[in-house]
1. Who wins for biggest fluctuation among 322, 172, 229 in a Gaussian network model of the chain, springs between alpha carbons below 10 Å?
2. Under the classification rounded if a/c is under 1.5, otherwise prolate if a/b is larger than b/c and oblate if not, where does the stretch 131-280 fall, given a ≥ b ≥ c as square roots of the Cα gyration tensor eigenvalues?
3. Which residue, 149, 215, 72, tops the fluctuation ranking in a GNM of the chain built on C-alpha contacts under 10 Å?
4. Compute the projected area of the convex hull of the Cα atoms of the stretch 352-450, averaged over all viewing directions, and report it in nm² to one decimal place.
5. Which of 179, 323 has the fewest other C-beta atoms within 10 Å, and how do the rest follow up to the most?
6. For the stretch 21-29, in order, what is each residue's ³J(HN,Hα) by Karplus, 6.51 cos²θ - 1.76 cosθ + 1.60 with θ = phi - 60°, in whole Hz (x at glycine and Pro)?
7. Treat every Asp and Glu Cβ in the chain as -1 and every Lys and Arg Cβ as +1, leave all other atoms uncharged, and give the resulting dipole magnitude about the Cα centre to the nearest 20 debye.
8. Going toward the positive end of the dipole of the chain, with +1 on Lys and Arg Cβ and -1 on Asp and Glu Cβ, which of 443, 117, 242 do you reach last?
Amino acid sequence: MDKIQKKKIFSKINFENILILYIILQPIIDIITSLCVRNLSQNLTLGIFVRTLFMLFIMIYAIIKVDKKSRLQILLYYSFIAIYCISFIINSYTKYGLSMIFTQIKGLVKTFYFPIILASLLLIYKNKLYSTKQKYLNITLAIYVLTILICKIFSVGYLTYPLNNKAGTIGLFFAGNETSAIVAMLSPICFGVFISQKFNFLNAILCALTVFTMLEIGTKVAFVAIVGLLILSLIISIIKLIKKDDKTFYKQFITIILIAILTFLFVGYTSAGKNLSIGVKFLKEENITTTPSEGNNKADDDPINDPTVLLSGRNNYFKKTLTKYGQSSAIDKFLGIGYISPKGDTIIESKLVEIDYFDIFFCHGILGTLIYIVPLAVVILIAIKKFFTKFINNISNNMLIFTLYSIAIGFGIALMAGHVFTAPAVSMFLILSILEILSILGYKKDLRNE
């Protein structure tokens, strides 16, 4: 290889291309992690290892590349996180010693991945303008979708609910909640690109396959997300057709109509439809077989007769965790009760609420939560200001609406099922949607004029 070829290769190794590669590799990392955890060891978490390396790379890159003012800001934020993490670990050590200390560290990394990456990328792109990643997000979505569909066809995938009679498949991926959350947040970008641009047959196929895949995953999250997305797509399509913004838009409109009709007709045959039928049947049987007095006696003792089983018992875990937090010491309330707890003579991993907002607060306390929300609060304030500055233009921007829906889905899943803010594999896509929003709202243009 001569010097010219080497120079060409190294010229392509820049931050943008590294970020793009990282985005596309997400499903591959998830598949390898899933196979390792299922077949080798629960302790072999390739995903955490790779994502931790990426987080360290982003942190170092931000410190080196941003301007002096931004460098001071990011160093200050990193310092607050470091001080908190050290205090958290010291508090854990004083209570439990070295027992399951790795679980505590892993919890810190998984939770604070989101604010660290978000804060770093915000300042990096304040100095180096952000370019849309919609194309690469679609490629990533296609990998997730095709993996699940191929595994479904050849019956080689893993079940979404391996421990009960619910239907659903997640292909070669590990967690149904995380996989459905990723596909749910990427799908609006796919539909937004399809509707906003000229008709593209491959995009149309990807939209249709995405809908089918989300229904086959079988989770409540995926079902609600896709129903909302189809309704949003129909509304925007009708408005665009009436306004006659694009004379060739009828192809997109017909495609959306066909997808919606087919979804309505065949949803009952999909995993989501079957699980919905199971839930409805369960509620009907409860109404028939349980009298009010019986219900009062059984609800607390038998989880099968507790309607909250449809919510996976998150309300019960919330009550228990809230009691545990309330009974904890002042220092635990300030730093958080963490991810482990005593049970008899042993230390076990705590059962989380699996509602991200509560998990972050209970596990990391008042101080950790305040540090966590700083970059998110900054983004929300910027986005609100930019959105209402040119409200009429923004409200009619189709790509903006779909990207906002993607973010709304992320926040909603964090409330309904968790595993968004506290799961690096998922939170990365929420971060990218946030950057897309800021770019569409003109944050990039404003920075260029600074």
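1. Its mean-square fluctuation being the largest, the pick is 322.
2. Cα axes put the stretch 131-280 in the prolate bin.
3. 72
4. Numbers: hull surface 28.3 nm².
Average projection, Cα convex hull of the stretch 352-450: 7.1 nm².
5. 323, 179
6. Listing the rounded values in order: 4, 5, 4, 5, 7, 3, x, 5, 4 Hz.
7. 1860 debye
8. Result: 443.
Bear in mind these aren't lab numbers, they're just calculated from the coordinates by the rules spelled out. Because the structure is predicted, anything quoted here is derived from the model rather than measured. Heads up, the Cβs are rebuilt from the backbone with ideal geometry, glycines too, and the neighbour counts pull from every protein chain shown.
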